[in-house]
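Throughout, read-outs are computed from the coordinates displayed, never taken from laboratory work. Since the structure is predicted, the reported quantities are computational estimates derived from the model, not experimental observations. Every residue, glycine among them, receives a Cβ derived from its backbone with ideal geometry; neighbour counts consider all protein chains shown.
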Amino acid sequence: MLESVEDVRRSDERWEEPHIGVSEELLRHVVRTTGLPPALARRVVSDVMGYFVETAEEYVLRRHAELRRDGLANAKIWSLLRAELDVRPVAAPPLSERQLRRIVYG
C-alpha cells in the first residue's frame, strides 16, 4: 500500500540521511516551489532522479525491446522513440574537460 503524503510527513525523520546524487540547488528549488518539508522533498527528488538515470542508448535499447514484445513494427517504434526522447530527460554521457571546454568556447 502506498503511503499518503501525511504519513510520509509524519515519518520524515526516516529520510534525513543524505541521498547520493541529489542536487542541493534542485532540492532548494523543490522546497521553495512546493512547500514540501526538506526531508520529503529530498526523497521525492531522489526517487525522480533515480527513475531517469538511463542514458539515451540504454533507454532506446530497453524501450525497443519492450515495444517489440508488444508486437510493434520497427517503423512505428522509431517514430515513438524519437517522440519519447524529445520529452524524456536522460543521463548525460561522461564528458572530459576538453569536451566541456568545447561546449563553452566552441
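Per-residue packing, averaged as other Cβ atoms within 10 Å, sorts the ranges 58-69, 85-96 into the order 58-69, 85-96, beginning with the highest.
Database remark: amide H of Ala91 closer than 5 angstrom to the amide H of Glu54, Thr55, Ala56 (H placed geometrically; neighbours at sequence offset of 5 or more, or on other chains; Pro and chain starts carry no H). Taking 7 Å steps out from each Cα toward its Cβ at Lys76 and Leu26 produces label points 3.3 nm apart.
Sum up the charges of everything whose Cβ sits under 15 Å from the Cβ of Arg62, counting Lys and Arg as +1 and Asp and Glu as -1, but leave Arg62 out.
Details: positive: Arg63, Arg68, Arg69, Arg88; negative: Glu54, Glu57, Glu58, Glu66, Asp70, Glu84.
Once positives and negatives cancel, what remains is -2.
FRET efficiency for Arg101 and Glu57, Cβ-Cβ distance as r, R0 = 22 Å, nearest 0.05? Walk me through the numbers before you get to the answer.
On the way: r = 24 Å, r/R0 = 1.10.
Efficiency computed from Cβ-Cβ geometry: 0.35.
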